[in-house]
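Accompanying notes for the structure given below.
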């Protein structure tokens, strides 16, 4: 075969390959066109015409039974729980401080006085955590405010888990205590460092 004949065979071979690829691409595969209903698609089989069926009453997603009302809602017997269900450990307080600084300090500031950066830029000022009223409310009340929102404060249930909400409350209580502590509250071994009598 001459060199010229080989050169003429190449374009014909490429053309045949291109035609074969186009024909193969045109073949339908049922995997991408399955007989199923898409979300929110109509379905004449059901009286409400919805293909997406509502959940059966009482269905709970795995891991979300949340039976402990005191822990997950902050209430017991219809009233806010008095005390935090978490043990007040150093780890809980540190976690509470971290979450507080992220989610709460923009409005409530780092010490809970209600003068955060958002407030300085015009947002409604929240009450100080150091008021007598907020120092005496049950812990469950603070939990419900974080969960449901109050006034201009939105709900933080989607952003902050129940355990972290309780950790934040523990930290808020520590902030409140820090602003109203006396020298008598300091351990005797530490008073000398503060200038008090041992």
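Residue 126 satisfies every condition listed in (1) touching a residue at least 12 places away in the same chain (Cβ under 8 Å); (2) closer than 22 Å to residue 94 by Cβ except (2). Checking each residue in the range 93-115 for being free of Cβ contacts under 8 Å to residues at least 60 places away in the same chain and farther than 14 Å from residue 175 by Cα picks out 102, 106, 107, 115. Here 74, 63, 96 are screened, and the one residue that is crowded, with 16+ Cβ neighbours inside 10 Å and at positive phi is 74.
A single member of 174, 167 is at pLDDT 95 or above and under 21 Å from residue 76 (Cβ atoms), and it is 167.
Condition test on residue 126, is it over 26 Å from residue 68 (Cβ atoms) and touching a helix residue (DSSP H, G or I) at 6+ places or on another chain (Cβ under 6 Å)? Yes, satisfied. Would you be able to say whether some residue in the range 170-179 is loosely packed, with under 13 Cβ neighbours inside 10 Å and either more than 20 Å from the chain's Cα centre (by Cα) or more than 17 Å from residue 101 (Cα to Cα) (or both)? Yes - at least one qualifying residue is present in the range 170-179. Determine, yes or no, whether residue 69 is within 30 Å of residue 135 (Cβ to Cβ) and without any contact (Cβ under 8 Å) to a residue 12 or more places away in the chain. In short, yes. The numbered conditions (1) modelled with pLDDT of 85 or more; (2) more than 30 Å from residue 147 (Cα to Cα); (3) surrounded by fewer than 11 Cβ atoms within 10 Å (Cβ to Cβ) are all true for residue 41 except (3).
The values are calculated or read from the model by the stated rules, or taken from the named source; none is laboratory data. The structure presented is a predicted model; accordingly, all values stated were derived computationally and were not measured. FYI the Cβ positions are ideal-geometry reconstructions off the backbone, even for glycines, and counts take in every protein chain you see.
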